[in-house]
Amino acid sequence: MSNFVSVANEDGVAVVTIDNPPVNALSFHVRKPLYEALAALRDDPAAKAIVIACAGRTFVAGSDITEFGKPVQQPELRAIIALLETIAKPTVAVIHGTALGGGLELALGCHFRIADAGAKLGLPEVKLGLLPGGGGTVRLPRLVGAQKALGMIVSGTPVSAAEAKAAGLVDAVFNGDLLAEAVRFASEIVAGGGSFVPVRDRKEVLAETHIEAFDRQAADLAKKARGLEAPLACAEAVRNAITLPFDEALAAERQLFQKLVAGDQSRAQRHLFFAEREVAKMPGKDLQKRRIERVGIIGAGTMGGGIAMAFANGGFPVTLLETGEEALQRGLAMIERNYTVSVSRGSMSEAAKQQRLALFKGSIDYADLADCDLIIEAVFEDMAVKKQVFGRLDAVARSGAILATNTSYLDVDEIAASTSRPQDVLGMHFFSPANVMKLLEIVRAEKTAPDALATVVELARRIGKVPVAVGVCHGFVGNRMLAARGAENEFLLLEGATPAQVDKAFTDFGWPMGPFQMGDLAGLDIGWRNRKARGLTAVIADTLCEQGRYGQKTGSGWYRYRSGAREPMPDLEVEALIRAKAAEHGVARRAIGAGEIIERTLYPLVNEGAKILEEGIVARAADIDVVWVNGYGFPIGKGGPMFWAGLEGAGKIVERLEYWHGQTGRPIFEPAPALRRFAESGSWEEAGGAQ
Ligand code: NAI
């Protein structure tokens, strides 16, 4: 007996209870007494059957991931499962809450699994760049079939109890007192003398596999993996379950797991897993939060509409304010259209759509914002307009209401100063489409009250966002670094690269698309208008816009597009334009390789991140990684720009930045002191602070 594992006997059924709050992770201090308890019960004639249950809010929700990458203390999970499979009396896993990862693998070691109707079951290891290494890839296919197993393992998404029952993963689903049902279930098997075969020995379901169909499914997944190793390893392991004897498949799974766990990709993904949990750590996080029940949004354009949907999806009533009836109706109609698309795709029911729509209240009168607890402004990106809006808000908002701006670049301190309550003002920088994108930069202005910040950070989680607190600077973390990433784009073209070459270097790196494809998708006219407003120019992009080439929406931009298609096709006219501009500016053209493209785009990205860190705009380098992975598609297998800097070698980055600085004299390449310190210490924590 231990504090973490206890055993009781109920009418001949041994009830083993794991109690390791908060999620009953399979830490060493659980595994050891669990193994000992099961070994004793195996030979105990008083126990006719064994059920394994958990105290608290969930079944075992996973392994203890703090143990990853460290030497394993025996007994490991696999030994417990192997022991379970030698027990010649019925064993039953009793699942409530979530059975995830090692938790589900433990359950797969039992003869039977019963679940609470609200339970969820899954193998999410792939999200950490791993595969289920405790036999999950070999046992799950024996219950649900190889194709279903592959889908579950590669997506990492848990299934409901009902789906698990239909698939054959659980034997029974109950409402009510699950433990009592479990004891009854086990007793009935003992009394009825029913057969109980360990999962490892089940053959029927696997025998029905069509290997060609499996291989087609695996090939489809490989195409989507975008350079990630774990999904491919998952497919290989599940295939082994079909083609190899059980023990060989299990040994092969182990080898694949060991390779992944020691690799850079899994290290990167585990870094991100922890980083996303750390972001909320900030001074004041435990302060009493402000009450947020109704949310007001000003501006029903692209962002305002999306932000309003994000809150309605989180169950919040929303007041949407526009300048006039026509703009308001246009905004509301767009929201309704978006929900209608969700219904037609089957991702939302008609009833849910009606429920969401009922949460919206449209208005053209500022007085209607008086009952809002949080008001987010998403009007034109123009300081004068924003100040005017905040002045009016100041007059109508209730005392203590949080006033937020969705500005992409503007100075939030200046906006705050246009009110009499700067302590209540902050930035909430959503990303487009705001109802979909997970990242939310929360901008802490000079006078923002810590409790206002903490309230919004917590609220962000409630609407499914990943909040990162950032300080005030032009473009905050994401857009400021994006500008650094793109600063060399036109130079690369003038000096000899094509848009397609640059984009290919990006997609080969693992980005979903390169900067020129991205520009065509977003619309080149946006940057053009911005440049004009700020008195800036871009030799090639400006000309494209003057020719009416705005990107996908006009059928041409950096690329050509067939009518209605999104597939970019290289355009000889653009290449001719680039050559002409190079000649005009006296730039000699030469071949430019992928390595140079990465050095001149991603090294400045890292360098700008180092500057942001040393200026104290973010608390941790990992916060920057969270921004880039969730907002800009930085490949997760590389862990975000700051983590990747370590993989790439900070010394090398500094050296190449110095080289390009020497070549061009451009400040973008001047290595930040924090980057130099990182190159010496290998730790952003030591390198970060201004010195
Ligand atoms: P938009 O032009 O689509 O929408 C702006 C809306 O605000 C229009 O419907 C307009 O009628 C309304 N509006 C203007 N002045 C108003 C006032 N005084 N009172 C009430 N409504 C008013 O612009 P978008 O793209 O939605 O941008 C809004 C803000 O969000 C800007 O600050 C922008 O920088 C920021 N942002 C935009 C992103 C994007 O990808 N479009 C991403 C993140 C932030």
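Quick note: the coordinates plus some simple rules give every number you see, no bench work behind them. Since the model is a prediction, treat every value here as computed from it, not as a measurement. Positions of Cβ are backbone-derived with ideal geometry, glycine not excepted, and every protein chain shown enters the neighbour counts.
Looking at E322 and the list (1) under 17 Å from L393 (Cβ atoms); (2) out of contact with any strand residue (DSSP E or B) (no Cβ under 7 Å at 6 or more places or on another chain); (3) more than 11 Å from the ligand (Cβ to nearest atom), which single condition is not satisfied?
Of the numbered conditions (1) under 17 Å from L393 (Cβ atoms); (2) out of contact with any strand residue (DSSP E or B) (no Cβ under 7 Å at 6 or more places or on another chain); (3) more than 11 Å from the ligand (Cβ to nearest atom), the odd one out for E322 is (3).
With respect to I442, is the statement that it is more than 27 Å from the chain's Cα centre (by Cα), of a type in the set (A, V, I, L, M) and within 15 Å of the ligand (Cβ to nearest atom) true?
no
Looking at G510, G519, can you tell me which residue is touching a residue at least 24 places away in the same chain (Cβ under 8 Å), within 30 Å of the chain's Cα centre (by Cα), within 23 Å of K638 (Cβ to Cβ) and away from the ligand (no atom under 16 Å from the Cβ)?
Only one candidate qualifies: G510.
Which of the residues spanning segment 281-322 are on the phi > 0 side of the Ramachandran plot and surrounded by 24 or more Cβ atoms within 10 Å (Cβ to Cβ)?
Within segment 281-322, just G299 meets the criteria.
Would you tally the residues in segment 423-439 being away from the ligand (no atom under 16 Å from the Cβ) and either within 14 Å of V279 (Cβ to Cβ) or surrounded by fewer than 21 Cβ atoms within 10 Å (Cβ to Cβ) (or both)?
Number satisfying all stated conditions: 1.
Against the condition over 30 Å from the mean Cα position of the chain (by Cα), part of a helix (DSSP H, G or I) and not hydroxyl-bearing (S, T, Y), how does I540 come out, does it pass?
In short, yes.
Could you run through segment 285-338 and say how many residues are assigned to a helix (DSSP H, G or I) and either in contact (Cβ under 8 Å) with a residue 24 or more places away in the chain or among the small types (G, A, S) (or both)?
23
Yes or no, residue by residue, for (1) touching a Leu at 6+ places or on another chain (Cβ under 9 Å); (2) outside any helix (DSSP H, G or I); (3) surrounded by fewer than 19 Cβ atoms within 10 Å (Cβ to Cβ):
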site: A591; (1), (2), (3): no, yes, yes
site: L602; (1), (2), (3): no, no, no
site: L605; (1), (2), (3): yes, no, no
site: F643; (1), (2), (3): yes, no, no
site: H661; (1), (2), (3): no, no, yes
site: A674; (1), (2), (3): yes, no, no
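Just the residues that are under 17 Å from F360 (Cα atoms) and among the polar types (S, T, N, Q), please, taken from segment 330-349.
If the condition is that a residue be under 17 Å from F360 (Cα atoms) and among the polar types (S, T, N, Q), then N338, T340 are the ones that fit.
Scan segment 406-456 for residues that are touching a Leu at 6+ places or on another chain (Cβ under 8 Å), of a type in the set (V, I, T), without any contact (Cβ under 8 Å) to a residue 60 or more places away in the chain and farther than 20 Å from L287 by Cβ and report the count.
The qualifying residues number 1.
Regarding segment 552-570, can at least one residue be identified that is over 15 Å from T498 (Cα atoms), among the hydrophobic types (A, V, I, L, M, F, W, C), without any contact (Cβ under 8 Å) to a residue 40 or more places away in the chain and part of a helix (DSSP H, G or I)?
no
Is it true that some residue in segment 200-207 is closer than 24 Å to L131 by Cβ, surrounded by 20 or more Cβ atoms within 10 Å (Cβ to Cβ) and small (G, A, S)?
no
Any residue in segment 98-116 that's at positive phi: show its pairings with residues that are among the charged types (D, E, K, R) and outside any loop (DSSP other than H, G, I, E, B) at Cβ separation under 7 Å, as long as the two are six or more apart or on different chains.
From segment 98-116, the pairs are G101/E125.
When both residues are 6+ apart or on different chains and their Cβ atoms are under 9 Å apart, which pairs have a first residue that lies in segment 478-501 and is on the phi > 0 side of the Ramachandran plot, and a second that is not in a helix (DSSP H, G or I)?
G496/V587; G496/A588; G496/R589; G496/R590; G496/A591; G496/I592
Given the residues A522, A533, A500, A454, which is the only one that is closer than 26 Å to A591 by Cβ, out of contact with any strand residue (DSSP E or B) (no Cβ under 6 Å at 6 or more places or on another chain) and small (G, A, S)?
A500
Tell me, which residue of segment 297-311 that is near the ligand (Cβ under 9 Å from one of its atoms) and of a type in the set (A, V, I, L, M, F, W, C) is nearest to D365 (Cα to Cα)?
The residue in question is I298.
If a residue has to be away from the ligand (no atom under 12 Å from the Cβ) and under 22 Å from D365 (Cα atoms) to count, how many in segment 381-415 make the cut?
10
Rundown of residues vs (1) within 15 Å of the ligand (Cβ to nearest atom); (2) among the charged types (D, E, K, R); (3) within 22 Å of N630 (Cβ to Cβ), yes/no style:
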| residue | (1), (2), (3) |
| --- | --- |
| L272 | no, no, yes |
| L287 | no, no, no |
| N313 | no, no, yes |
| Q329 | yes, no, no |
| T340 | no, no, no |
| S349 | no, no, no |
